[in-house]
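Some notes on the structure that comes next.
The values are calculated or read from the model by the stated rules, or taken from the named source; none is laboratory data. Treat the numbers as computed from the prediction; the structure is a model and nothing was measured. FYI the Cβ positions are ideal-geometry reconstructions off the backbone, even for glycines, and counts take in every protein chain you see. Please note that ligands, DNA and RNA were not included when accessible areas were found on the heavy atoms of the full protein model with its side chains. Shrake-Rupley method; radii C 1.70, N 1.55, O 1.52, S 1.80 Å.
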Amino acid sequence: MPLDVHRIVVAPEALPEIAARHIAKSIEQAVADRGRASVMLAGGSTPRAVYRHLAQTQGLPWDKVEIYFGDERAVPPGDPQSNYRMASESLLDAVPIPPDQVHRLLAERPDREAAAEEYARLLPERLDLIILGVGEDGHTVSLFPGSSALRERVRKVVAVVGPQAPLHRLTVTPPVIAAAREKIILVSGAGKAGAVAQALEGPDQPVQCPAQLARDGIWIMDRAAASGLRHPPPR
């Protein structure tokens, strides 16, 4: 498949609807192929708008969907900085998904190493879909540039310390991203243009630009986020 097939550049106002359509298609295909869909959600502002559109999609088989989280800050689930809270408010509370099919990442537990091990045991061998965002520094989930977690090859979930408060987090590791059947990366805003260019066109250095771990995914970007690409796809 040509690389441009994996890059979709849209007007900013169109991104939430187009991304939600791709996510819905991935869920429907997984259910058709395997009877269930395992979906890992991202945090952040761009996914929030996408999730709101996804919640309005009619006919999705939510009773056959298992929800996981790629990373979480060490905050209670009701905290404004909680990825779980964001996902609940924008998506999960608005769709008929059974509560026991939503698997929260318990990063607020004092023993984060134990919480990481327990969550790793919950994860399927291969997720059907991982939704990812990208930070201005090129991080994805809570895999930050230079982190030792980027060299992890055995553990699926680890405790990390991020560069900004709240510092303590849990995150999935590169093997989880690599094993996913499909990856959809959502990026918006001119502040992400440098990270997008490095992720998609820079030297293969995921320790410096962790978003490169998802280079083979479907990148859905607004025009500002794609503005640094030397070879942008046709719009």
| task | Determine, yes or no, whether Tyr84 is modelled with pLDDT of 95 or more, aromatic (Phe, Trp, Tyr) and open to solvent by 50 Å² or more (accessible area, probe 1.4 Å). | result | yes
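For (1) assigned to a helix (DSSP H, G or I); (2) out of contact with any Pro (no Cβ under 9 Å at 6 or more places or on another chain), each residue gets a yes or a no:
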| site | (1), (2) |
| --- | --- |
| Val75 | no, no |
| Pro80 | no, yes |
| Glu89 | yes, yes |
| Arg104 | no, no |
| Ala116 | yes, yes |
| task | Counting only residues that are without any contact (Cβ under 8 Å) to a residue 24 or more places away in the chain, give me the strands (runs of 3 or more DSSP E) lying completely in region 145-198 with at least 1 of them. | result | 157-161
| request: Give region 161-194 a look and list any residue that's modelled with pLDDT under 95 and either open to solvent by 40 Å² or more (accessible area, probe 1.4 Å) or farther than 11 Å from Ser142 by Cα (or both), or say none. | output: Pro163, Gln164, Ala165, Pro166, Leu167
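Could you say which residue among Ile23, Ile8, Ile67 is over 17 Å from Ser90 (Cα atoms) and crowded, with 18+ Cβ neighbours inside 10 Å?
Just one listed residue meets the conditions, Ile8.
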| task | Under 6 Å between Cβ atoms, at least 6 apart or on separate chains: pull out the pairs that start in region 26-42 with a residue that is farther than 14 Å from Ala180 by Cα and end on any residue that is of a type in the set (Lys, Arg) and open to solvent by 30 Å² or more (accessible area, probe 1.4 Å). | result | Val31/Lys64; Arg36/Lys64
| message | Residue under question is Glu28, and the condition is that it be of a type in the set (D, E, K, R) and surrounded by fewer than 21 Cβ atoms within 10 Å (Cβ to Cβ); does it hold? | response | yes
| said: Checking the condition touching an Asp or Glu at 6+ places or on another chain (Cβ under 9 Å), small (Gly, Ala, Ser) and over 26 Å from Glu136 (Cα atoms), which residue from Gly59, Gly35 passes? | reply: Gly59
| Output for region 40-64, where each listed residue is crowded, with 22+ Cβ neighbours inside 10 Å and not in a loop (DSSP other than H, G, I, E, B) | Met40, Leu41, Thr46, Pro47, Val50, Tyr51, Leu54
| remark: Over region 208-224, the set of residues over 18 Å from the mean Cα position of the chain (by Cα) and over 20 Å from Ala14 (Cβ atoms) is Gln208
